[in-house]
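Report on the structure given below.
Read the figures in this text as sums done on the coordinates, not as results from a lab. Because the structure is predicted, anything quoted here is derived from the model rather than measured. Don't worry about glycine lacking a Cβ; one is built from the backbone with ideal geometry, like all the others, and counts go over all protein chains shown.
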Amino acid sequence: MGAVLLRPSSPAPSFGGSSHLCAKCEQMTPGIPVGGLCASCWSVVRRKAARIARWVAIGTTLPLAVYVTFALPREPTSRLLGLVAVLIWYVLTFLISRRVALVWLQ
């Protein structure tokens, strides 16, 4: 006739899924997918990825800044344009390398 709804058998709260082991610390965590990371491990991975991305961005931006300094004429407009290009390069390199590091570190 009608479906009977049963209470969940797990005493832990469910956040849209069942509990699985964290891929890094191997603690049972509710609401993460299989092979996922718990909140504390995810924050550690994010910090490591940001640190790697910062070094990659600095390492690629410094040679570009030196090149722009010597290659562009000494006019204020070209210097400002070069500065903007170097800043955009840093931001894009940081974002891309952070994303790559996040995938690589997981």
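Read phi for every residue in the stretch 93-100 and hand back ³J(HN,Hα) as whole Hz from Karplus 6.51 cos²θ - 1.76 cosθ + 1.60, θ = phi - 60°, with x for Gly and Pro.
Listing the rounded values in order: 5, 4, 5, 5, 5, 5, 5, 5 Hz.
R0 = 41 Å: FRET efficiency of His20 with Leu80, Cβ-based, nearest 0.05? Display every interim value, and only then the final one.
On the way: r = 52 Å, r/R0 = 1.27.
Once the sixth-power term is evaluated, E becomes 0.20.
Please list, in order along the stretch 52-68, the HN-Hα scalar couplings obtained from phi with the Karplus expression 6.51 cos²θ - 1.76 cosθ + 1.60 (θ = phi - 60°), rounded to whole Hz, x for Gly and Pro.
With coefficients 6.51, -1.76 and 1.60, one gets 4, 5, 4, 5, 5, 5, 5, x, 8, 7, 4, x, 5, 5, 5, 4, 5 Hz.
At a temperature of 25 °C and a viscosity of 0.890 mPa s, determine how fast the stretch 45-106 diffuses translationally according to Stokes-Einstein, using the Kirkwood radius over alpha-carbon pairs as Rh; express D in µm²/s, rounded to the nearest whole number.
Using the Kirkwood radius from Cα pairs, D works out to 198 µm²/s.
What is the sum of charges, Lys and Arg at +1 and Asp and Glu at -1, for the other residues whose Cβ falls under 12 Å from the Cβ of Gly82?
Net charge around Gly82: +1.
Could you run the Karplus curve 6.51 cos²θ - 1.76 cosθ + 1.60 with θ = phi - 60° over the stretch 71-88 and give me ³J(HN,Hα) per residue in whole Hz, x for Gly and Pro?
Result, rounded to whole Hz: 8, 7, x, 7, 7, x, 5, 5, 5, 5, 5, x, 4, 5, 4, 5, 5, 5.
Under 5 Å between amide H atoms, partner at least 5 residues away or on a different chain: which partners does His20 have, H built in plane at 1.01 Å?
Thr29, Gly31, Ile32
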